[in-house]
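Before any comments, here is the structure.
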Amino acid sequence: MLARERFRRLLRRLEADPGQAASLGEVFLDHLSRRGDRLPGCRTTLARLAKTYRLGVVTNGIDRVQRSRLRAAGLERFFEVIVTSAGCGYAKPDPRILHVALRALALAPRQALYVGDDPATDGGAAEGAGVRFCWMDRGNASPEGRPRRRVTSLGALADLLL
């Protein structure tokens, strides 16, 4: 498990007992699962978009953690489909993770738009799956080639799509 491995490496660097990695990893995931972090205007924007579009989540993450975080944020109800890398066995930029979501939504790639904050990982998965991509530029990435569609807020995304 990823959390266990990360803590094992950290404990080794700290010259502490790496045998504690599993329990630290579980505690970390339990606490992370309770976090309901949201971008400003998230609920309002998702409610607006859900009136017109079918929404899904595709994430490189642990199924129970991602679902719990969406529930804690009060966002789970907006999404018809939640696909996690742990749940389907593929991780972005592998386009097969998007294929899983498209099948679940019964959509062709040309009918979908994937919004992600990592131009390389998210954009790469979208390109490989034949899905249009919109980069949510939150100021933490400097892509070599700027994606064609770019927004800096969820409000701007809604303005683009509605």
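Readers should treat all values here as calculations from the given coordinates under stated rules, not as data from a laboratory. Please read all numbers here as calculations on a predicted model, not as lab measurements. Cβ sites come from the backbone with ideal geometry, for glycine too, and all protein chains shown count toward neighbours.
Evaluate the relative contact order of region 1-57 (contact order divided by residue number), counting alpha-carbon pairs under 8 angstrom at least 6 apart; express in whole percent.
Values: 30 pairs, mean separation 15.4, N = 57.
It comes to 27 percent, rounded to a whole number.
Tell me which trypsin sites (Lys or Arg not before Pro) from region 1-89 have a DSSP coil assignment and no more than 12 other beta carbons within 10 Å of their own. Mind showing how you got there, number by number?
Working: sites: R4, R6, R8, R9, R12, R13, R34, R35, R38, R43, R48, K51, R54, R64, R67, R69, R71, R77; in loops: R34, R35, R38, K51, R54.
Passing both the DSSP loop test and the Cβ count: R34, R35, K51.
Have a look at A125, A72, A112 and report the one farthest towards the positive end of the charge dipole of region 47-135, computed about the Cα centre with Cβ charges (Lys/Arg +1, Asp/Glu -1).
Value: A72.
In nm, to one decimal, how far is the L10 label point from the L55 one, both placed 7 Å along Cα→Cβ?
So the label points at L10 and L55 sit 3.1 nm apart.
R110 to T152: FRET efficiency via 1/(1 + (r/R0)^6), r the Cβ-Cβ distance, R0 30 Å, to the nearest 0.05?
That gives a FRET efficiency of 0.70.
In the chain, with Lys and Arg counted as +1 and Asp and Glu as -1 at Cβ, which of these residues, L46, G56, S85, has the Cα nearest the positive end of the dipole, that is, farthest along it?
L46
Region 1-50: D in µm²/s via Stokes-Einstein (Kirkwood Rh, Cα pairs, 20 °C, 1.002 mPa s)? Display every interim value, and only then the final one.
Values: Rh = 12.9 Å.
Answer, rounded: 166 µm²/s.
Calculate the FRET efficiency for A47 and V27 from the Cβ-Cβ distance with a Förster distance of 30 Å, rounded to the nearest 0.05.
0.30
Regarding region 16-74, what whole-number volume in Å³ per residue does the convex hull of its Cα atoms give?
Working: hull volume 5.5 nm³, N = 59.
Considering the Cα atoms of region 16-74, their hull volume per residue is 94 Å³.
Please return the longest stretch of the chain lacking exposed loop sites, where GluC sites (Glu not before Pro) count only if DSSP places them in a loop and at most 11 other Cβ atoms lie within 10 Å.
16-143
About the Cα centre of region 1-131, what is the dipole size in debye to 20, counting +1 per Lys and Arg Cβ and -1 per Asp and Glu Cβ, all else neutral?
380 debye
How much length is gained on full extension from R34 to R77, taking 0.36 nm per residue of separation minus their Cα-Cα distance? Could the numbers behind the result be given before it?
Working: separation 43, 0.36 × 43 = 15.48 nm, distance 1.68 nm.
Extra length available between R34 and R77 comes to 13.8 nm.
What's the percent breakdown of Cα-Cα distances in region 42-161 across 10 Å bins, shortest bin first?
14, 45, 39, 3
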